[in-house]
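Just so it is clear, none of the values below were taken in a lab; they were calculated from the coordinates. Note that the coordinates shown come from a computational prediction; the quantities given were computed from them, not determined experimentally. Neighbour counts are summed over all protein chains in view; Cβ atoms, including those assigned to glycine, are modelled from backbone coordinates with ideal geometry.
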Amino acid sequence: MSPPQALVGLERVSNRIRLGFARLLYEGFFDVMMSDRSWQEAVIDSLAPRADDRILDFGTGSGSMAIMLALRFPSTTFVALDPDPSSVAKAVRDITRRHIENVQVLAETTGDRFSFGAGSFDKAVSVLTFHDRSPDEKYRLANELRRILRRGGTLHVADYDKPTNSNEHRILKFTERISGPAAATPHLNGSWTDFLVKAGFVGIRRQSSQSVGIGRISVIRARKL
């Protein structure tokens with residue numbers, strides 16, 4: 001016998017509430033990670049901004065990485081993108097308040113293709129943006145990051161990587177609940193860098209790998225031929 005329609009509706013509402021709470025918690029993890037400077041120096045060392053570089057920061061959120069980079073490297077030009085207009089608005093307010101002139105933050109809402117021509121940037125950095133995307137989305141993002149880089153340009157990605165102990169499984173198991181196994185599995189087994197290969201990057205290597213308690217963050221460097 002089928003359950004009463006009212007019970008089915010109540011279960012659906014309950015599931016939506018649980019998922020909404022889980023997403024809020026998940027976003028909280030992102031904010032905590034972005035305030036943790038212990039692993040971010042490895043990103044900066046890999047990126048090694050130069051005075052004449054034009055660098056894209058994709059998935060900047062409220063701009064913490066872009067702002068930190070712009071302040072430390074005032075002669076480098078940074079462009080930061082994020083699909084969330086509210087996060088971008090917060091970043092713009094912070095940049096304006098602090099009178100930072102070498103970084104621009106934009107809301108990128110054009111889907112799989114950025115609003116820049118091919119070869120527009122010397123380098124690109126992307127932090128914690130791959131692990132919650134489906135395999136197709138990982139590939140499309142890698143492909144688009146390659147398109148906007150000049151020949152010889154480099155991509156620097158920091159994201160959750162293959163755990164080495166049970167504690168480091170936690171954030172990716174949570175990702176599995178939010179975004180599905182297809183998104184999380186390549187990070188759980190460390191094969192997610194294959195999407196960079198598929199997109200045409202070469203010279204792909206792990207520059208560093210560091211435990212952050214609930215996960216392990218690796219910094220990957222790749223080059224466009």
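Label point of Ile178 set 7 angstrom out along Cα-Cβ; within the range 205-225, amide nitrogens under 20 Å from it belong to 210-219. Cross-link partners of Lys198 among lysines, defined as those whose alpha carbon lies under 24 angstrom from its own and excluding same-chain residues fewer than eight positions apart: Lys123, Lys138, Lys162, Lys224. Remark: spin-label model distance Met68-Thr185 equals 3.3 nm, labels positioned 7 Å along the Cα→Cβ axis. Take each peptide in 174-182, 62-70, 112-120, count the other Cβ atoms within 10 Å of every residue, and average; sorted highest first, the result is 62-70, 174-182, 112-120. Please work out the FRET efficiency for the pair Ile204 and Asp45, using the Cβ-Cβ distance as r and a Förster radius of 22 Å; give the result to the nearest 0.05. Once rounded, the FRET efficiency stands at 0.80.
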